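Each remark here refers to the structure printed beneath this line.
The values are calculated or read from the model by the stated rules, or taken from the named source; none is laboratory data. Treat the numbers as computed from the prediction; the structure is a model and nothing was measured. Methodologically, a virtual Cβ is constructed for each residue, glycine included, from the backbone with ideal geometry; neighbour enumeration extends over all protein chains shown. Remember, those area values only see protein heavy atoms, side chains included, never the ligands or the DNA or RNA. Shrake-Rupley method; radii C 1.70, N 1.55, O 1.52, S 1.80 Å.
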Amino acid sequence: MKILMVCLGNICRSPLAEGIMKHKAAEHGLDWHIDSAGTGSWHSGQLPDRRSIAIARQKGVDITDQRARQFHTGDFEQFDMIFVMDTQNLSDVLRLAATPAHREKVALILDQTSPGQRLSVPDPYYDDNGFEEVFNMLDEACHHFIQRHI
């Protein structure tokens, strides 16, 4: 399975989602490829936000090997599943989808825990206190996805 996590800048939410899913996949012996990207390019090449690194480390997940990159249309061919963090990311990614098959790969990650409710993972960039809440939301969503695939 190849999974891509997508948020706006690829420094807060999607790196956490990538790290959590990688960690859980490894715990279950799953040979999955997991990556992340942002719909914007302004952080390309940068490490995840220091607060994402800190909360991940606190929870036993290392995300310091990641570097931000921008989502590109080739990702539709490379990945089986594209999880987006919020409804704006959903719109932005779906706008780039060239085929119905591409569109079918894209879903809100919180649909894993709250199907059909169109819930968004809040962007913690401007809220230092939001990173743990985001981690916990993503941890639960990744857990549910893994449980359905083992």
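Taking only protein heavy atoms and a 1.4 Å probe, the accessible area of the chain is 47% carbon and sulfur.
Counting Lys +1, Arg +1, Asp -1, Glu -1, what net charge surrounds residue 132 among other residues with beta carbon under 15 Å of its beta carbon? List each step's numbers first, then the result.
On the way: positive: 13, 50, 51, 57, 59; negative: 49, 123, 127, 128, 133, 139, 140.
Computed value for this residue: -2.
Take every pair of alpha-carbon atoms less than 8 Å apart whose residues are at least six positions apart; their mean separation over the length of segment 18-150 yields a relative contact order of 24 percent.
Can you give the charge dipole size of segment 1-122 about its Cα centre, rounded to the nearest 20 debye, using +1 on the beta carbon of Lys and Arg and -1 on the beta carbon of Asp and Glu? Intermediate values should be presented prior to the final figure.
On the way: 14 positive and 14 negative charges, 69 e Å.
The calculated dipole for segment 1-122 is roughly 340 debye.
Where in segment 7-21 is the amide nitrogen less than 15 Å from a point lying 7 Å along the Cα-to-Cβ axis of residue 27? Taking a point 7 Å out along Cα→Cβ of residue 27, the residues of segment 7-21 whose backbone N falls under 15 Å are 17-21. For a label point 7 angstrom out from the Cα of residue 80 toward its Cβ, which stretches of segment 89-108 have the backbone nitrogen within less than 18 Å? Only 101-108 pass the distance filter. For residue 12, the residues 5 or more places off, or on other chains, whose built amide H falls under 5 Å of its own are 49.
For residue 108, the amide hydrogen comes within under 5 Å of the amide hydrogens of 84, counting only partners 5 or more places away or on other chains and with H modelled in the peptide plane.
In segment 109-150, Cα pairs under 8 Å separated by at least six residues give a relative contact order of 44 percent.
Stretching the chain fully between residue 133 and residue 1 yields a gain of 44.8 nm (0.36 nm per residue, less the alpha carbon separation).
Expressed in nm², what is the orientationally averaged projection area of the convex hull enclosing the Cα positions of segment 28-150? Let's see the in-between values first.
Details: hull surface 32.4 nm².
With the hull built on Cα positions only, its mean projection is 8.1 nm².
Take each uninterrupted DSSP H stretch in the chain, measure its Cα extent along the helix axis, and return the ones at 27 Å or beyond whose mean Kyte-Doolittle hydropathy is at least -1.0. Helix filter hits for the chain: 130-149.
Modelled spin-label separation between residue 101 and residue 114, with each label point placed 7 Å from Cα along the Cα-to-Cβ direction: 3.3 nm.
For residue 118, what charge total do you get from the other residues with a beta carbon under 12 Å from its beta carbon, if Lys and Arg give +1 and Asp and Glu give -1? Could you put the intermediate results ahead of the total?
Details: positive: none; negative: 86, 111.
Net of charged neighbours comes to -2.
Output the peptides 71-84, 52-65 sorted from most to least packed, where packing is the average of other Cβ atoms within 10 Å over each peptide's residues.
Numbers: 71-84: 18.4, 52-65: 16.1.
The most tightly packed comes first, giving 71-84, 52-65.
Using alpha carbons only, how many angstrom separate the centre of segment 117-144 from the centre of segment 1-76? Answer, in whole Å: 13. Other residues lying with their Cβ under 15 Å from the Cβ of residue 82 contribute a combined charge of -3, Lys and Arg counting +1, Asp and Glu -1.
Taking a ≥ b ≥ c as the square roots of the eigenvalues of the Cα gyration tensor of segment 1-94, is the shape rounded (a/c under 1.5), prolate (a/b larger than b/c) or oblate?
On the way: a/c = 1.87, a/b = 1.16, b/c = 1.61.
Verdict is oblate for segment 1-94.
Farthest toward the positive end of the dipole of the chain, out of 82, 23, 47, is the Cα of 82, where the dipole comes from beta carbon charges about the Cα centre.
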